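**Q** Below is one structure. I have some questions about it.
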Amino acid sequence: MRHGFIFNPTFVALAGNKVKVFSGIFEVSTGGEVDSVNITNQITETVRRSNVESGIANVLCLHTTCGLYINEDESRLKQDVQKTLGRLVPKGGGYGHDSIDDNAHAHLRTILLSSTLTLPVSGGRPVLGTWQKVFCAEFDGPRARTIRVQVLGE
Amino acid sequence: MRHGFIFNPTFVALAGNKVKVFSGIFEVSTGGEVDSVNITNQITETVRRSNVESGIANVLCLHTTCGLYINEDESRLKQDVQKTLGRLVPKGGGYGHDSIDDNAHAHLRTILLSSTLTLPVSGGRPVLGTWQKVFCAEFDGPRARTIRVQVLGE
Amino acid sequence: MRHGFIFNPTFVALAGNKVKVFSGIFEVSTGGEVDSVNITNQITETVRRSNVESGIANVLCLHTTCGLYINEDESRLKQDVQKTLGRLVPKGGGYGHDSIDDNAHAHLRTILLSSTLTLPVSGGRPVLGTWQKVFCAEFDGPRARTIRVQVLGE
């Protein structure tokens, strides 16, 4: 199989300045036992307040039973995400951790997603594709969840 | 169980300089409905052009139906990756999103991988282990896909 | 469904200084064919030695048959992680790569986790939630595994 690479890099930022490091924390209230909440606006707002023009934004979900993913904000797809993770890692699937906390499935689904992701920042905004949004995926809610955004750049 | 940690950090870079931020964008043409394309050379070339000697490179796949992963470039393994994701998230598996777009499986497989990853940069090159390569995993192709690399450092 | 966002960003760091880039490498001996080893202390120690007060720490596992994840350090949960990945991607599941190396399952489980993750650094320490720890998940051990931590900031 051959792949026709079109290698056409566009250099959108080149700077030599002092580094800025900035942290913002926000909370999100999830709306059910499982839920997928679009947190893109909160990330964008945190980046805006950082005054970082070019750099990166690191997003960390500070919990072990909800995670992060990037995809489209379409209501049926959000349900498909939760149903698919529920099928792959069913609740009460004979997990050892359930003898303590009854939420092993929520930990395991979080591990299949991830707890942290990093985005480019350009023009003072996080960069995402046309259909990409960042979601907080709740697996043991409803709860108030804390997200931290670390912005680094110039 | 005991773990014999050998804690022997090697300090390969220590700098105090102005920060550089650099962005490169390249396209990759995927070769089938599903495909795994090694994009390591394109990432390496983007880092080289950034003139960043030490720092990080953030890679973002700007789509919702193809993702990124790091592993070995071995042809049968690349097929195993696609077959395994196809088994875990079969096409036409009764997803709600299929009533709109018929590609829910491609979104869901992308979510199980990831859309963004970050690598160290050292000596003007992205750092990877001996057998590690970065792949763009197509789940709804063939298409031209856009990858963005943000390089930050000095 | 409505989500009650509490948008209350806390700005914990704002700096304008020269950037520091620092790399530390450490080894971890895994204790079985599969194993989950908490490497949080090693990451914390590497960040401490970097003298970076605010920034990010990029963690890279330099192998293709063991990966990284963030979750709770509870012994039964660690077993649940390995059992769940073993159920989703069984050893000897008819993989093409097994004709070469007999460890396709270990590559595939690594791909379902990830090989690299990035954490915020604040107050000279990596930031994690109360119950979050970083794990190296072995799928083809026991072996000595190498982890690289790149610290960037000021």
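**Q** Those residues that are over 17 Å from A:Ile111 (Cβ atoms) and part of a helix (DSSP H, G or I), I need them from the range B:110-134; list them, please. Walk me through how you get there before you give the answer.
**A** At the first step, the residues of the range B:110-134 found to be over 17 Å from A:Ile111 (Cβ atoms) are B:110, B:115-116, B:118-134.
Of everything in the range B:110-134, just one residue is over 17 Å from A:Ile111 (Cβ atoms) and part of a helix (DSSP H, G or I), namely B:Thr110.
**Q** Scan the range A:107-151 for residues that are within 27 Å of B:Lys20 (Cα to Cα), of a type outside the set (Val, Ile, Thr), more than 11 Å from chain B (Cβ to nearest Cβ) and in contact with a Lys or Arg (Cβ under 9 Å, 6 or more places away or on another chain) and report the count.
**A** Residues that pass the stated criteria total 2.
**Q** Right, here's the next one. Would you confirm whether or not the range B:38-49 contains a residue that is in contact (Cβ under 8 Å) with a residue 60 or more places away in the chain and touching a His at 6+ places or on another chain (Cβ under 7 Å)? Full working, then the answer.
**A** Initially, the range B:38-49 is screened for residues in contact (Cβ under 8 Å) with a residue 60 or more places away in the chain, giving B:38-40, B:42-44, B:46-48.
So of that shortlist, the ones also touching a His at 6+ places or on another chain (Cβ under 7 Å) come out as none.
There is no residue in the range B:38-49 that is in contact (Cβ under 8 Å) with a residue 60 or more places away in the chain and touching a His at 6+ places or on another chain (Cβ under 7 Å).
**Q** Quick one: which of B:Val121, B:Val149, B:Val134 is under 23 Å from C:Tyr95 (Cα atoms), in contact with a helix residue (DSSP H, G or I) (Cβ under 6 Å, 6 or more places away or on another chain) and surrounded by 23 or more Cβ atoms within 10 Å (Cβ to Cβ)? Quick ask: steps written out before the conclusion?
**A** Numbers: B:Val121 fails: under 23 Å from C:Tyr95 (Cα atoms); B:Val149 fails: under 23 Å from C:Tyr95 (Cα atoms).
After ruling out the rest, the residue left standing is B:Val134.
**Q** Which residue is modelled with the lowest pLDDT, if the candidates are limited to the range A:13-31 and must be in contact with a Phe, Trp or Tyr (Cβ under 9 Å, 6 or more places away or on another chain) and in a loop (DSSP other than H, G, I, E, B)?
**A** Only one residue tops the list, namely A:Ala13.
**Q** Further, regarding this structure: Pairs, please: C-beta under 6 Å, at least 6 apart or cross-chain, first residue more than 8 Å from chain B (Cβ to nearest Cβ) and in the range C:81-106, second among the charged types (D, E, K, R)?
**A** Filtered contacts from the range C:81-106: C:Leu85/C:Arg109; C:Asn103/C:Asp140; C:His105/C:Lys91; C:Ala106/C:Asp140.
**Q** Let me ask something else. If a residue counts only when it is surrounded by fewer than 18 Cβ atoms within 10 Å (Cβ to Cβ), which strands (runs of 3 or more DSSP E) contained entirely in the range C:33-109 have at least 1 such residues? If you could, list the steps in order and put the result at the bottom.
**A** Details: elements: C:35-38, C:55-61, C:66-71.
By residue number, C:35-38.
**Q** Determine which single condition B:Ser115 fails, assuming it passes every other condition in (1) touching a Leu at 6+ places or on another chain (Cβ under 6 Å); (2) crowded, with 24+ Cβ neighbours inside 10 Å.
**A** Of the numbered conditions (1) touching a Leu at 6+ places or on another chain (Cβ under 6 Å); (2) crowded, with 24+ Cβ neighbours inside 10 Å, the odd one out for B:Ser115 is (1).
**Q** What's the number of the condition A:Asn8 fails, among (1) at pLDDT 95 or above; (2) part of a loop (DSSP other than H, G, I, E, B)?
**A** (1)
**Q** On to the next question. Given the criteria in contact (Cβ under 8 Å) with a residue 12 or more places away in the chain and not small (Gly, Ala, Ser), does A:Leu60 qualify? Let's see the steps before the verdict.
**A** On the way: in contact (Cβ under 8 Å) with a residue 12 or more places away in the chain: yes; not small (Gly, Ala, Ser): yes.
Yes, satisfied.
**Q** Taking C:Glu154 as meeting all but one of (1) surrounded by fewer than 23 Cβ atoms within 10 Å (Cβ to Cβ); (2) more than 10 Å from every other protein chain (Cβ to nearest Cβ); (3) of a type outside the set (Val, Ile, Thr), write down the number of the exception.
**A** Among (1) surrounded by fewer than 23 Cβ atoms within 10 Å (Cβ to Cβ); (2) more than 10 Å from every other protein chain (Cβ to nearest Cβ); (3) of a type outside the set (Val, Ile, Thr), C:Glu154 violates only (2).
The values are calculated or read from the model by the stated rules, or taken from the named source; none is laboratory data. Here the structure is a predicted model, which is why all the values come from computation and not from measurement. Virtual Cβ from ideal backbone geometry, glycine too; neighbours counted across all protein chains shown.
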